[in-house]
1. Return the FRET efficiency for the residue pair ALA274, ASN60: r is the Cβ-Cβ distance, R0 is 25 Å, and the value is rounded to the nearest 0.05.
2. Between VAL150 and LYS102, what length comes free when the chain is fully extended (0.36 nm per residue of separation minus the Cα-Cα distance, one decimal in nm)?
3. Give me the one-decimal nm value for the distance between modelled label points at GLN182 and ASN143, 7 Å along each residue's Cα-to-Cβ direction.
4. How high is the relative contact order of region 147-234, given as a whole-number percent (alpha carbon pairs under 8 Å, six or more residues apart)?
5. Sorted from largest down, what three extents in whole angstroms do the Cα atoms of region 140-188 have along their principal axes?
6. Once neighbouring chains are kept in place and the probe is 1.4 Å, which whole percent of the accessible area of region 168-261 is contributed by carbon and sulfur?
7. Give, in nm to one decimal, the length gained when the segment between GLU230 and LYS248 is fully stretched (0.36 nm per residue of separation minus the Cα-Cα distance).
8. Set the Förster radius R0 to 45 Å, insert the Cβ-Cβ distance between GLN240 and LYS175 as r into 1/(1 + (r/R0)^6), and round the FRET efficiency to 0.05.
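The values are calculated or read from the model by the stated rules, or taken from the named source; none is laboratory data. Being a predicted model, the structure only gives us computed values, none of them experimental. We place every Cβ from the backbone using ideal geometry, glycine too, and count neighbours over all the protein chains shown. For accessibility, only protein heavy atoms count, side chains too; no ligands or nucleic acids. Shrake-Rupley method; radii C 1.70, N 1.55, O 1.52, S 1.80 Å.
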Amino acid sequence: MKGIFKTSLAAIVAMFVTANVFAQDPKKEIVIVDPFTKSAGVASNIRDNVQGSVMTGLSNVDRFTVVDAKQSSRLQALFASKSIEEVITADNWKTESEAAYKELGATRLLKGNVELCYEHKKLGDDGKWVYYTDLNFTLTVYNINDGSQVGSQSYKYSELSTTSYADSFNDALKKATKDMVQFCNKHFKVESYVMSLGDADKKGVVKDLWISGGSNVGIQNNTIFKILVEKQIGPKTIRQSIGQVIAKEVTDEATRCEIMDKKGGEAIKVAFNANKKLYVELDRKRGDGLKGFGRAFGF
């Protein structure tokens, strides 16, 4: 573990998307969000406002289940005697927090730290004050099963207002909320599999296919995915992209996707008919179509 989990989960929320093994249907993942920490000099209300904005952004991604620790009697009891700065060590993590997290079915932990909130003002060309807010924070995702770091990303905003510091700060928070969709797409895999191919036309061209997972995991129309096939290179097995598809008909648990190019369609058809495993992953460069409304649960 190396001491990544801090205790006292006093105000937890959560997020994100599932990563599945081939032939398993996609399902929503439970991700716990630790209360944000802050650097010296950052006010507690600033930290709390940043966390609130991140939580709002995460709630717009309907690919995970939100857990609020304040509503979780299991977590409250576990951390009641702990200080927020006390770090769970590799020795006690296995006996304390792992059991609690797994009891809730959680697989990921999100931690946030607000490093800077600097307010300053300058006189504009018109002789009026311009109010600036510089805001920096970092989000890090961990694998609860083994404590390893999945990914981390820092955000830096510099906003201005001609009216007040509050307005420039709120503008920074609005951008942070919006950026959470891209954060989810980058740091949480969306993976499924091809269930079936559509009928070929008279020329033998397959133009669509069905993948497992639909609105139940937050897929929306126009989400773009990569189709990958496993390939053996020496002693290693890799996944190679052979085409792209775009979601066009979303049902509760399955999605019809149109194949985006003829060459990719042929490669997908050949691989599928040869009974090869065809994986489906979010195209992170283009896949902004996974949005929705998160759900919050207390356990």
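1. Values: r = 40 Å, r/R0 = 1.59.
With a Förster radius of 25 Å, E is 0.05.
2. 15.5 nm
3. 2.7
4. Numbers: 47 pairs, mean separation 14.3, N = 88.
It comes to 16 percent, rounded to a whole number.
5. Principal-axis extents of region 140-188 (Cα, largest first): 48, 17, 13 Å.
6. Carbon and sulfur: 48 percent of the exposed surface of region 168-261.
7. So the extension gain works out to 3.9 nm.
8. Efficiency computed from Cβ-Cβ geometry: 0.80.
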